[in-house]
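J.: Input: one structure, supplied below.
Taken together, the values in this text are just the output of simple stated rules run on the coordinates, not laboratory data. The structure presented is a predicted model; accordingly, all values stated were derived computationally and were not measured. Counting neighbours? That spans all protein chains shown, and the Cβs are built from the backbone with ideal geometry, glycine included.
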Amino acid sequence: MATSRPVFSRLYERVSRRLEDAGMAELRRELLDGLAGAAVEVGCGNGLTFAHYPRTVTRVVAVEPEPRLRAAAERAARGAGVGVEVVAGTAEELPLPDASVDAAVLCLVLCSIGDRARALAELRRVLRPGGELRFLEHTVAEDRRLQRVQRLVDATVWPLLAGGCHTATDQVGAIAAAGFTVRRVRRFDFPPARVRVPASPHVLGVAVR
């Protein structure tokens with residue numbers, strides 16, 4: 001199912017490449033470090049994660065609903081060091097059989113999924129027992145003052161500007177509520193700056209089915 005967002009997709013392509021140089025590339029490498037076997041990446045965007053998959057990954061099915069970003073991801077897949085198949089689809093209806101992958105990857109996408117519970121249930125369905133969910137996401141701030149700002153922008157302009165992103169989302173709580181066992185979590189601000197903004201808080205972690 002296509003979800004066309006032409007204005008956002010153009011903006012995202014420009015901004016995402018600047019963020020790579022600011023340190024996001026290193027975070028993507030940390031996210032994928034040690035992965036092996038078959039993987040699914042949900043909401044792969046323009047495919048900037050592909051270059052960081054280790055050679056121990058045998059194949060990646062990358063799901064992206066936005067046509068312009070999916071085309072960019074297809075170009076990125078041709079230069080990846082592992083086999084990547086880019087497919088149309090949504091997080092809520094993954095085009096994969098049950099228990100068919102060893103790992104699932106969420107990178108800056110869970111905050112923009114309308115039905116997070118359904119999407120996480122789909123990831124549990126396609127992951128084999130014991131498979132890993134790797135996640136790098138915007139998250140709700142631990143600071144209550146920033147939480148209030150996050151909720152304000154989420155209710156007004158931010159989702160319109162940022163492709164549906166909601167900053168005040170408890171990603172770790174949602175993953176645990178979906179039945180995953182959260183094994184590792186690291187919280188940090190990105191990009192690091194003196195003044196924190198609603199999109200600053202991030203979380204990087206590993207959960208197991």
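J.: Just to confirm a number: summing +1 for Lys and Arg and -1 for Asp and Glu over residues other than Cys165 whose beta-carbon lies under 13 angstrom from that of Cys165, what do you get? Display every interim value, and only then the final one.
T.: Working: positive: Arg5, Arg116; negative: Glu137, Asp154.
Spelling it out: positives minus negatives among the neighbours equals 0.
J.: For Val105, Val63, what ranking results if the residue with the fewest other Cβ atoms within 10 Å of its Cβ goes first? Present the calculation step by step, with values, prior to reporting the outcome.
T.: Working: Val105 27, Val63 24.
The order, fewest Cβ neighbours first, is Val63, Val105.
J.: Let me ask something additional. Under a crude label model (7 Å from the Cα following the beta-carbon direction), how far is Arg184 from Arg75 in nanometres?
T.: My value for the distance between the label points is 3.4 nm.
J.: Between Gln150, Pro129, Thr3, whose Cα lies farthest towards the positive end of the dipole of the chain when Lys and Arg beta carbons carry +1 and Asp and Glu beta carbons carry -1, centred on the Cα centre?
T.: Gln150
J.: What's the local net charge at Ala73, with K and R +1, D and E -1, over the other residues with C-beta under 13 Å away?
T.: -2
J.: Let me ask something additional. Within 14 Å, Cβ to Cβ, of Val153, how many net charges do the neighbouring residues add up to if Lys/Arg are +1 and Asp/Glu are -1?
T.: Residues near Val153 contribute +3 overall.
J.: Give the Kirkwood hydrodynamic radius (Å, one decimal) of the chain, defined as one over the mean of 1/r across all pairs of different Cα atoms.
T.: When all Cα pairs of the chain are included, the Kirkwood radius is 17.0 Å.
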